[in-house]
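Enquirer: Provided herewith is a single structure, encoded as structure tokens, for subsequent inquiry.
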Amino acid sequence: MMTGTTTKFEEIAAREEQFQLATYKKFPFAPVRGRGSWVETSEGERYLDLYGGHAVCATGHCHPRVVEALKSQAERLLFYSNVVYSDVRAVAAEKLVACAPEEITKAFFCNSGTEANENAMRMARMKTGCERIITFTGSFHGRTADAISATFLGKYREIGKPNVPGHVCAEFGDIESVAALADETAAAVMLEPIQSMAGVRVAAPEFYRSLRRLCDERGMLLIFDEVQTGVGRTGEWFFAGSDAADGVVPDVITLAKALGSGVPVGACLTTEGVASVIKENDLGTTFGGGMLAMAAVVATLEAIEEDGMLANTRAVEVYLRESLASVPGIVALRGRGLLLGVEFEEPVAAKVQKALLERRIITGTSSDARVLRLLPPLCLTREEVKSFVEALKEICG
Ligand SMILES: Cc1ncc(COP(=O)(O)O)c(C=O)c1O
């Protein structure tokens, strides 16, 4: 029997490879514990984590408030489904809605980002009676049938064949291309307000404003997939309603990743207008809204608030921008808050990522070979940024 810290990496890797489908390219280490922006491996090596388990660990690894809330909830009641009321679900829904722009009044809990997007698209079709969903070049919305059909990045739609009909693709940032597809069959425009996997692509604030206007004119819903941008990642609770969105509030916001600090949980947030057409049994899930996940949501929101992580995110972004300006080979820092794409002059992101990993710093790549992605915990410090920038200088100098 293997036990946590005494297990050596080779044994862990061999066993996973033997018994798990080989669907992921993996980093060559096995983290066994974590704290803040750091993880420690089975070999006792410490890594600075600027990838955050793919944007999930926003409160940092094992935030004490989250750990305590999970322990205490686990001792009280691990789970009961949505056929009962729940004290902790009631608090989670209220708190989440309170963090959102005021037009957003209702939450629906599920288990992942792809599931949140599936439900958002269903809500749009129910509200409008129409089928067509307009998404964008470079979009990534998940891997279940409807979500993968809405994903126009790379080969995902091909993997997801046969695709759900009714999905069409506009040019990200180009309102005319959206208008051309917005016919009487269109139910919704869905977008990641910052396209993360595509290389951290951001549109001008006017684009979101024009989308809102077009959706209102043509009776379509506007859906923001905030699976990555939500829950504080951009230095605001949500991209929706922020200055970067020119204050635009969509009809549905989808969330996952950071929402449970690592406990799987997704959500759709929506307006009274949309909620009014959703009836009993229209949406559902066994695990969504379970007590353990809800305890994680409450603790995550409280940790972000009490530790001042929104302000920290904005301050660290400024510091990163200043510090990276002096690193050779970097031409831009894309994105907002701590969803950032370091853009190099050349397509060297994978090489730089590997060199950083050798220096025990974890970062991400993207579908753009010039862009290295940073999705660190929102508690990242200046000291940690300094170590990253020093390492980059060594690599790029
Ligand atoms: C923007 C966006 N939407 C949806 C998803 C799918 O989320 P999940 O993997 O939780 O299903 C992801 C996952 O990376 C994502 O980045």
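The values are calculated or read from the model by the stated rules, or taken from the named source; none is laboratory data. Model, not experiment: these values are computed from the prediction. FYI the Cβ positions are ideal-geometry reconstructions off the backbone, even for glycines, and counts take in every protein chain you see. Only protein heavy atoms, including side chains, enter the accessible area calculation; ligands, DNA and RNA are left aside. Shrake-Rupley method; radii C 1.70, N 1.55, O 1.52, S 1.80 Å.
Enquirer: Just for the Cα atoms in the chain, what are the lengths along the principal axes, largest first, rounded to whole Å?
Expert: 56, 53, 42
Enquirer: What value in Å³ per residue do you get for the convex hull of the alpha-carbon atoms in segment 42-126?
Expert: In segment 42-126, the Cα convex hull volume per residue is 170 Å³.
Enquirer: Given a 1.4 Å probe, how much area per residue of the chain is accessible, in Å²?
Expert: Normalised by residue count, the accessible surface of the chain is 45 Å².
Enquirer: Return the subset of Lys257/Lys279; Lys8/Lys386; Lys25/Lys351; Lys106/Lys127; Lys25/Lys155; Lys26/Lys354 for which the Cα-Cα distance in this structure is over 21 Å, preserving the input order.
Expert: Where the Cα-Cα span goes over 21 Å, the pairs concerned are Lys257/Lys279; Lys8/Lys386.
Enquirer: Taking the alpha carbon gyration tensor of segment 299-377, what are the square roots of 5 times its eigenvalues, largest first, to the nearest whole Å?
Expert: 25, 14, 11
Enquirer: Can you compute 3J(HN,Hα) from phi for each residue in segment 21-26, using the Karplus curve 6.51 cos²θ - 1.76 cosθ + 1.60 with θ = phi - 60°, rounded to whole Hz and x for Gly and Pro?
Expert: 4, 7, 8, 10, 7, 10
Enquirer: Counting only C-alpha contacts under 8 Å and six or more residues apart, can you give the relative contact order of segment 13-149 as a whole percent?
Expert: Computed over segment 13-149, the figure is 11 percent.
Enquirer: Can I ask one more? Using θ = phi - 60° and the Karplus curve 6.51 cos²θ - 1.76 cosθ + 1.60, what whole-Hz ³J(HN,Hα) does each residue of segment 112-121 get, with Gly and Pro shown as x?
Expert: So the Karplus estimates, Gly and Pro as x, are 7, x, 5, 5, 4, 5, 4, 5, 5, 5 Hz.
Enquirer: Is there a quick way to get the dipole size of segment 127-286? I mean about its Cα centre, with the Cβ of Lys and Arg at +1 and of Asp and Glu at -1; what is the value in debye to the nearest 20?
Expert: For this selection, approximately 520 debye.
Enquirer: Using a cut-off of 20 Å between alpha-carbon atoms, which aspartates and glutamates can reach Lys393, once sequence neighbours fewer than 8 places away in the same chain are excluded?
Expert: Candidates past the 8-residue exclusion: Asp49, Glu317, Glu322, Glu343, Glu345, Glu346, Glu358, Glu383, Glu384.
Enquirer: Could I ask something else about it? What whole number of Å gives the distance from the Cα centroid of segment 52-113 to the Cα centroid of segment 174-249?
Expert: 25
Enquirer: Roughly how many debye, to the nearest 20, is the charge dipole of the chain about its Cα centre, given +1 on each Lys and Arg Cβ, -1 on each Asp and Glu Cβ, and no other charges?
Expert: Here the chain has a charge dipole of around 740 debye.
Enquirer: List the residues whose amide H sits under 5 Å from the amide H of Cys110, counting only those 5 or more places along or on another chain, with H placed 1.01 Å from N in the peptide plane.
Expert: It is Gly266, Ala267, Cys268, Gly289, by chain and number.
Enquirer: Go ahead and set up a Gaussian network model of the chain, Cα springs under 10 Å, then flag whichever of Val164, Val189, Val227 fluctuates most.
Expert: Of the options given, Val164 has the highest mean-square fluctuation.
Enquirer: Could you sort the peptides 39-47, 197-205, 81-89 by per-residue average Cβ neighbour count (10 Å cutoff), highest mean leading?
Expert: 197-205, 39-47, 81-89
Enquirer: List the residues whose amide H sits under 5 Å from the amide H of Cys379, counting only those 5 or more places along or on another chain, with H placed 1.01 Å from N in the peptide plane.
Expert: Distant-sequence amide H within range of Cys379: Gly60.
Enquirer: Oh, and also: Please state the equivalent ellipsoid semi-axes for segment 187-291: what are the square roots of 5 times the Cα gyration tensor eigenvalues, largest first, in whole Å?
Expert: 23, 20, 11
Enquirer: Taking only the alpha-carbon positions of segment 12-158 and ignoring solvent, what does the Debye formula give for the base-10 log of I(q)/I(0) at q = 0.12, 0.14, 0.18 Å⁻¹?
Expert: -0.84, -1.11, -1.34
Enquirer: Carbon and sulfur: what percent of the chain's accessible surface (1.4 Å probe)?
Expert: 53
Enquirer: Once Rh is set to the Kirkwood radius over Cα pairs, what Stokes-Einstein translational diffusion coefficient, in µm²/s, holds for segment 115-227 at a temperature of 20 °C and a viscosity of 1.002 mPa s?
Expert: For the chosen part, D equals 156 µm²/s.
Enquirer: Find the relative contact order for the chain and round it to a whole percent, using C-alpha pairs within less than 8 Å whose residues are 6+ positions apart.
Expert: Answer for the chain is 22 percent.
Enquirer: Using only DSSP helix segments of four residues or longer, with each worth -39500 (n - 2.57), what per-residue ellipticity at 222 nm results for the chain after dividing by its residue count and rounding to 500?
Expert: Value at 222 nm, helices only, nearest 500: -11000 deg cm²/dmol.
Enquirer: Moving on. Hey, how much of the P(r) for segment 239-343 falls beyond 25 Å, as a percent of Cα pairs?
Expert: That tail contains 41 percent of the Cα-Cα pairs.
Enquirer: Moving on. Please turn the phi angles of segment 263-278 into ³J(HN,Hα) values with the Karplus equation 6.51 cos²θ - 1.76 cosθ + 1.60 (θ = phi - 60°), one per residue in order, whole Hz, x for glycine and proline.
Expert: Residue by residue, segment 263-278 yields 7, x, 7, x, 7, 10, 10, 8, 8, 4, x, 6, 4, 5, 9, 8 Hz.
Enquirer: Which residues' amide hydrogens lie under 5 Å from the amide hydrogen of Leu340, considering only partners 5 or more residues apart or on another chain, with H built in the peptide plane?
Expert: Leu374
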